[in-house]
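Following: one structure in structure tokens, then a few remarks.
The values are calculated or read from the model by the stated rules, or taken from the named source; none is laboratory data. Owing to the predicted nature of the structure, the values given are computational and were not obtained by experimental measurement. Neighbour counts are summed over all protein chains in view; Cβ atoms, including those assigned to glycine, are modelled from backbone coordinates with ideal geometry. Only protein heavy atoms, including side chains, enter the accessible area calculation; ligands, DNA and RNA are left aside. Shrake-Rupley method; radii C 1.70, N 1.55, O 1.52, S 1.80 Å.
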Amino acid sequence: MTRIRAAVCTAFNTPLQIEELELRAPLSGEVEVTLDAVAICHSDISYAEGLWGGDLPAVYGHEAAGRVTSVGAGVTTLQVGDTVAVTLIRACGHCGNCASGKPTICATPTQAPPILSRPDGTKVDQSMNCGAFAEKVVVDQSQVVALPASLPSEAVALLACGVITGIGAVVHAGKLRAGEDVVVIGAGGVGLNAIQGARIAGARRIVAVDMSEEKLEIAREFGATDGVLASEKSPWKSAFKAMGKGADLVAVTVGAIPAYNSAPRYLGWGGRMVMVGMPASGDKAEYEPVVPAFTGQSMIGSKMGDVVISRDIPWMADLYQQGRLKLDELISGRWSLDQINEAITDTKSGNARRNVILFDR
């Protein structure tokens, strides 16, 4: 066992508590990663607020970067010292979904023995197979991708979730083709990356929709050609005007029911709506089935951008090294582990793109 410091959720919708926990050694097929950075994702906040349930006490955090410091038996693709991105995407590699190229929806349940515990032996849940609001993690080798050591850790951390989710939603789930028109609802961390994905894929028009004029200005810096305030009476009319027609692809990157209710209104004939943002369990959206039935429109769920991390994270890292993918500009704040509750509060304010926890070595 290794003693580590971690931010623990002991009760939903309350501040996280910094505790010392025991981290077990990696077993067969697992790796230990000493973390350098972990970003705060809205999914972590939703879990900590109890929107999706889960076991407590728990450690959240799933958008991380660090260095491999130990490997279990059977690990052949990683070695001690590797700089890595750590994701929540745990894939068995052999179930029907993995075999068909969809590891983000691996159907094999996690069966690893408990990884985290308190000194008194109380089990602590490693949420989302990651638990990266901590100094170290032990994860399955399928969750880790080695990257060049020259890449800054905070940029690598962003590649583990927000970037792949946004770009993948447009490129993989939405199957965007060059010359198509895109609407991205929500210009937060994931939305900005959906905009970048649309730009990289060659979209003709990219319309950002958000409640904040300031966020719309930031969206233009990341590639949006037009911005529409969601607070307008009928914002889809402004989007239609900007594109000259309905959108080929609409990506909903916020977990807000009003966004889901309005999203189909932006679509043109044969358009696709990609559902990325995750509302609270039990929340329901409304739409008229006759419209997509008559116009040939479709709704597509997208988990983690439908990515294959061993293929897509190196690709995006290379785009970053070429200057074609903005990562540094996504970071709005840098915090220590002891400041994690302040960082979460700042993230919840809606002004942050991505707040990153940095571990002082």
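Residues of segment 337-348 that are in contact with a strand residue (DSSP E or B) (Cβ under 7 Å, 6 or more places away or on another chain) and surrounded by fewer than 16 Cβ atoms within 10 Å (Cβ to Cβ): D338, E342. With respect to the conditions (1) of a type outside the set (F, W, Y); (2) within 23 Å of C41 (Cβ to Cβ); (3) at pLDDT 95 or above, G188 lacks only one, and its number is (3).
Comparison of G61, G131 shows that the only residue that is touching a Leu at 6+ places or on another chain (Cβ under 7 Å) and touching a residue at least 60 places away in the same chain (Cβ under 8 Å) is G131.
For segment 15-30, state whether one or more residues are closer than 29 Å to A155 by Cβ, over 19 Å from the mean Cα position of the chain (by Cα), among the charged types (D, E, K, R) and open to solvent by less than 20 Å² (accessible area, probe 1.4 Å). Yes, some residue in segment 15-30 is closer than 29 Å to A155 by Cβ, over 19 Å from the mean Cα position of the chain (by Cα), among the charged types (D, E, K, R) and open to solvent by less than 20 Å² (accessible area, probe 1.4 Å).
In summary, N355 fulfils each of the numbered conditions (1) open to solvent by 20 Å² or more (accessible area, probe 1.4 Å); (2) polar (S, T, N, Q); (3) not in a helix (DSSP H, G or I) with the single exception of condition (1).
Applying a threshold of 8 Å to beta carbon distances and a minimum spacing of six or more residues, or different chains, the list of pairs starting in segment 335-361 at a residue that is farther than 20 Å from G191 by Cα and modelled with pLDDT under 90 and ending at one that is open to solvent by 20 Å² or more (accessible area, probe 1.4 Å) and of a type in the set (A, V, I, L, M) is empty.
Under the condition of being surrounded by 11 or more Cβ atoms within 10 Å (Cβ to Cβ) and modelled with pLDDT of 95 or more, which residue from segment 69-80 is farthest from E135 (Cα to Cα)? Applying the filter and picking the extreme gives V75. Applying the condition of being free of Cβ contacts under 8 Å to residues at least 24 places away in the same chain and not in a helix (DSSP H, G or I) to segment 212-226 and asking which residue is nearest to Y260 (Cα to Cα) yields D226. In segment 106-122, the residues that are touching a residue at least 60 places away in the same chain (Cβ under 8 Å) form Cβ pairs under 6 Å with partners that are of a type in the set (D, E, K, R) and part of a loop (DSSP other than H, G, I, E, B), at six or more places apart or across chains, as follows: I115/R24.
Selection of segment 59-68 for residues being assigned to a loop (DSSP other than H, G, I, E, B) and either open to solvent by 50 Å² or more (accessible area, probe 1.4 Å) or under 15 Å from P152 (Cα atoms) (or both) yields only E63.
Cβ-Cβ under 7 Å, sequence separation 6+ or interchain: first residue in segment 82-99 and acidic (D, E), partner modelled with pLDDT of 95 or more and open to solvent by less than 30 Å² (accessible area, probe 1.4 Å). Which pairs? What qualifies is D82/V68.
The selection criterion, being within 22 Å of A146 (Cα to Cα) and either among the polar types (S, T, N, Q) or modelled with pLDDT of 95 or more (or both), holds for S310. Annotation: T10 fulfils all but one of (1) open to solvent by 20 Å² or more (accessible area, probe 1.4 Å); (2) β-branched (V, I, T); (3) farther than 28 Å from P279 by Cβ; the unmet one is (3). Scanning segment 81-130 for residues that are open to solvent by 40 Å² or more (accessible area, probe 1.4 Å), in a loop (DSSP other than H, G, I, E, B) and among the polar types (S, T, N, Q) yields S100, T108, T110, Q111, T122.
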